[in-house]
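The values are calculated or read from the model by the stated rules, or taken from the named source; none is laboratory data. In this text, all values refer to a predicted model and were calculated from it rather than measured experimentally. Methodologically, a virtual Cβ is constructed for each residue, glycine included, from the backbone with ideal geometry; neighbour enumeration extends over all protein chains shown. Just so you know, the surface numbers come from the protein's heavy atoms only, side chains and all, with ligands and any DNA or RNA stripped out. Shrake-Rupley method; radii C 1.70, N 1.55, O 1.52, S 1.80 Å.
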Amino acid sequence: MFAIVKLYSSENGLITMKKTLRLVLGDQLNSKHSWFSTQEENITYLLMEVRSETDYVSHHIQKVVSFFLGMRLFAKDLGELGHNVIYFNLEEKRNQQRFTANINYLLDLHNFERFEYQFPDEYRVDEELKLLCQQLKVETQVYDTEHFYTQRLEMEEFFDKKKSKGWLMETFYREMRKKHRVLLDANEKPVGGKWNFDQTNRKKLPKNHKPVSPKLFHRDVSDIVKMLEDQKVKTIGSIDGKNFLWPVTRKEGEEMLVFFAEECLPLFGDFQDAMVVGEWSLYHSRLSFLMNSKIISPKEVVNRVIEQWQKNQGTIDISQVEGFVRQIIGWREYMRGIYWAKMPQYENENQLNHRTKLPEFYWTGKTKMNCMKQSIQQSLQYSYAHHIQRLMVTGNFALLAGIDPQEVDDWYLGIYVDAIQWVELPNTRGMSQWADGGLVATKPYVSSANYIDKMSNYCGTCYYSKKDKIGEKSCPFNSLYWNFIDRHLDKWEKNHRMGMMVANWKKQDPEQKAQVLERAQYLFENINSI
Ligand code: FAD
Ligand code: DLZ
Ligand code: SF4
C-alpha cells in the first residue's frame, strides 16, 4: 500500500513526500532522468496511449507503433526496476482517451495527494496540463525534462540581449559551441580553424559508390498493428508488422548511435545532401526518433561522435563531425527556440497567403515527377526521408505550388517517425514554407530541377525533362520556380538574397516569360495528375 514517507532534499531541507502521481508522456522516455534514480513507494508513474494523441493528425503507422512500443517497453523496464507504474493501453475500457481525463480519474481513484509532470515539448499539451494544474485540488509540480542543451526561452533571450534584428542560426550555433565547449581548442578557437565546414560538404554520390546498408531492427509488432486496426485508428503508410525496423529502447538506441559513429560518420558531411534512387538513409544517423522521444540525449550523441573522431582523426575529417554536431546543437536547439518564442501564433503563419490544397499524390506517391515519387514512396514505406528530400523535394514543390501551410504541416506532422510539433513546425512553416516571412530562412528554399539534378540521380529516369521550362514534358519545378519568383516579386525585390533571381527573371524575354507562366498555370490546374 502507499504511505507518506519523509524525503530529504538538499535545497529544501526535510520535505514530506506525499502520495504522488507522475506523468510520463510518450516523448519523455528518458531513463536517465533524475526522477528514476531512486524508487519511492509512494510515487506512481503513469503512461497512457490515448486517442487525443493518435487522432489529432493522421500519423504514419510506424510512428504510432514506435511511440506505443517505446512507451510499453519503457513502462515494463520501470516496473522491473521496482517503480510503481500505471499503463493505459489504448483499447482498455477505463481509458478515457485524453491525458487530463485519465489523470483526474486516477487522482480520485487512488487518492493521490500530488501530481507531477515534466515540461511537455508541445504547446498544446503544455497548455492542457497548465490548465489542469490550475483546476486540481492536489499539490502540483512541473520538472525539467533534463534533455535539451537550452531552456525554452534561452535562444529568444540570447538574441534579445544581442539586439539582433534577425535570428541567424549560425550566430546561435557559435554561441552554443562556446557555451558548451564543443569542438573548441585550448585557445577557445574552433577546432580545424573554422566554425562551419558546410562548403566542403554537399557532394553528389559518385555513380559506383555503394553506401553503407542501413542498420535495421527486427521485431514482431503484429499485436500492436492488429490492436490499432481493431480500434480503427486512422493511419497512413505501410508496415511490415513481423519485421519492425525502428529502434525503440535504450539498448537499441545505444546500438544505433554506435553504428552511426563507426559506419556513417566518416562520410556523413560529404553526402549529407545527396539523394539516390533506392537508397533511403545513406549516411544519415536516423537518430531523430530516439532523440525526440528522449530515449537518448543530444549530449550523449554529440559526445559519442566527438569521441569517435578524436580516436580516429586519421580517417574522420573534422568537416564530417562539425557538420553533424551543427545539426544537433545548432539546428535542433534553434528550432526549439523558435517554437517557444513564437507559439501559439506561429502555427497560423501564412505570410505568402498560400491556399492551394495538398495534391493527392502526397498520400500515394503516384506522380510522374520522379524526385517526388521517390521521396514520397520512401516516406510511406519507412516513415522517413532525410533532410534534403524533405526540404528540397517535397517541401520545395509545396512552396512552389502555393500549398496551404496548414495542409503541408499536417502532412509532415503525420508522416515522419520523428515528427513532434516543436521541431516539425519551425522546419515546415519556417524553414521550408517561408510562412513566417523569413525568420528561419532568410531566403526561401526553392529551386528548379537544376539543384535536384545536381544532388541526385532522380532526373535521369524521370518522365519529365530537367532542362525544359515549357512544353508537355518540361519539368514542373522549372516553370513553377519562375512563377513563384513572379508571383511574389514585391517580396523578393526587398530581399537582397533574392536579388540575382529577380534580376534574372526581369531580363528574360517577355514572350518566353509568358509561356513559362502559361505552363505553370497548366500545372496548377492539373496538379493532381502531373
Ligand atoms: P541526420 O541527418 O542524421 O541529422 C542528425 C540529427 O540532427 C537529426 O537526428 C536531428 O535531430 C538533427 N537535425 C538535423 N536537421 C535538423 C533540423 N532542420 N531541425 C531539427 N533538427 C535537425 N526533424 C525532426 O526531428 N522532426 C520533424 O518533425 C522534422 N520535420 C521536418 C520537416 C521539414 C519540412 C524539414 C525540411 C525538416 C524536418 N526535420 C524534422 C529536420 C530533419 O529533416 C530531420 O531531423 C532529419 O531528417 C532526421 O533524420 P536523421 O536523424 O537521419 O538526421
Ligand atoms: C506521437 C504520440 C502518439 C501517436 N500517441 C501518444 C500517446 O498515445 N500517448 C502519449 O503520451 N504520447 C503519444 N505520442 C507522443 C505525443 O505526441 C507527445 O508525447 C506529446 O505531444 C507531448 O509532446
Ligand atoms: Fe524531379 Fe524535374 Fe528531375 Fe523529374 S526532371 S526528377 S520532376 S526535378
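Restricting to region 377-413, count the residues that are within 16 Å of ligand 2 (Cβ to nearest atom) and within 11 Å of the chain's Cα centre (by Cα).
The qualifying residues number 3.
Among the residues of region 402-417, is there at least one that is open to solvent by less than 10 Å² (accessible area, probe 1.4 Å), more than 12 Å from ligand 3 (Cβ to nearest atom) and small (Gly, Ala, Ser)?
Checked against the condition, which is being open to solvent by less than 10 Å² (accessible area, probe 1.4 Å), more than 12 Å from ligand 3 (Cβ to nearest atom) and small (Gly, Ala, Ser), region 402-417 yields at least one hit.
List, please: which pairs have Cβ atoms under 9 Å, are six or more places apart or on different chains, and start with a residue in region 282-308 that is within 10 Å of Cys264 (Cβ to Cβ) and touching a residue at least 40 places away in the same chain (Cβ under 8 Å) and end with one that is open to solvent by less than 10 Å² (accessible area, probe 1.4 Å) and within 16 Å of ligand 3 (Cβ to nearest atom)?
Pairs that qualify, where the first residue is within 10 Å of Cys264 (Cβ to Cβ) and touching a residue at least 40 places away in the same chain (Cβ under 8 Å) and the partner is open to solvent by less than 10 Å² (accessible area, probe 1.4 Å) and within 16 Å of ligand 3 (Cβ to nearest atom), are Leu282/Ala274; Leu282/Met275; Tyr283/Ala274.
Quick check on region 317-339: of everything there that is surrounded by fewer than 20 Cβ atoms within 10 Å (Cβ to Cβ) and among the hydrophobic types (A, V, I, L, M, F, W, C), which residue is nearest to ligand 1 (Cβ to nearest atom)?
Trp331
Can you find a residue in region 231-248 that is open to solvent by 20 Å² or more (accessible area, probe 1.4 Å) and in a helix (DSSP H, G or I)?
no
What are the pairs, 6+ residues apart or on separate chains, where a residue within region 344-355 that is of a type in the set (D, E, K, R) has its Cβ under 9 Å from a residue that is crowded, with 18+ Cβ neighbours inside 10 Å and not in a helix (DSSP H, G or I)?
Glu349/Gln433; Glu349/Ala435; Glu349/Asp436; Glu349/Leu439; Arg355/Gly402; Arg355/Ile403; Arg355/Asp404
Report yes if Leu425 is outside any helix (DSSP H, G or I) and either within 15 Å of ligand 2 (Cβ to nearest atom) or in contact with a helix residue (DSSP H, G or I) (Cβ under 7 Å, 6 or more places away or on another chain) (or both), otherwise no.
Against the criterion (outside any helix (DSSP H, G or I) and either within 15 Å of ligand 2 (Cβ to nearest atom) or in contact with a helix residue (DSSP H, G or I) (Cβ under 7 Å, 6 or more places away or on another chain) (or both)), Leu425 does not qualify.
Among the residues in region 364-375, are any touching a strand residue (DSSP E or B) at 6+ places or on another chain (Cβ under 9 Å), open to solvent by 40 Å² or more (accessible area, probe 1.4 Å), more than 20 Å from Ala419 (Cα to Cα) and not in a helix (DSSP H, G or I)?
No, region 364-375 contains no residue that is touching a strand residue (DSSP E or B) at 6+ places or on another chain (Cβ under 9 Å), open to solvent by 40 Å² or more (accessible area, probe 1.4 Å), more than 20 Å from Ala419 (Cα to Cα) and not in a helix (DSSP H, G or I).
From the list Met431, Met498, which residue is under 22 Å from the mean Cα position of the chain (by Cα) and buried (at least 18 other Cβ atoms within 10 Å of the Cβ)?
Unique residue meeting the criteria: Met431.
Looking at region 249-269, which of the residues that are open to solvent by 20 Å² or more (accessible area, probe 1.4 Å) and more than 18 Å from Leu73 (Cβ to Cβ) is nearest to ligand 2 (Cβ to nearest atom)?
For region 249-269, the residue satisfying everything is Phe259.
Among the residues of region 76-105, what is the count of those that are open to solvent by 60 Å² or more (accessible area, probe 1.4 Å) and more than 12 Å from Val24 (Cβ to Cβ)?
10
Please go through (1) at pLDDT 95 or above; (2) surrounded by fewer than 20 Cβ atoms within 10 Å (Cβ to Cβ) for Ala274 and return the number of the only condition it doesn't satisfy.
Failed condition: (2).
Among the strands (runs of 3 or more DSSP E) lying completely within region 1-75, list those that include at least 2 residues that are at pLDDT 95 or above and either within 16 Å of ligand 1 (Cβ to nearest atom) or surrounded by 14 or more Cβ atoms within 10 Å (Cβ to Cβ) (or both).
Qualifying strands (runs of 3 or more DSSP E): 20-23, 43-48.
Would a scan of region 270-282 turn up a residue that is under 21 Å from the mean Cα position of the chain (by Cα), of a type in the set (Val, Ile, Thr) and away from ligand 2 (no atom under 16 Å from the Cβ)?
So the first thing to find is which residues in region 270-282 are under 21 Å from the mean Cα position of the chain (by Cα), and the list is 271-275, 279-282.
This time we only want the ones that are of a type in the set (Val, Ile, Thr), so: none.
Scanning region 270-282, I find no residue that is under 21 Å from the mean Cα position of the chain (by Cα), of a type in the set (Val, Ile, Thr) and away from ligand 2 (no atom under 16 Å from the Cβ), so the answer is no.
Could you check Asp108 against (1) within 18 Å of Asn42 (Cα to Cα); (2) out of contact with any strand residue (DSSP E or B) (no Cβ under 9 Å at 6 or more places or on another chain); (3) crowded, with 18+ Cβ neighbours inside 10 Å and say which number it fails?
All conditions pass for Asp108, except number (3).
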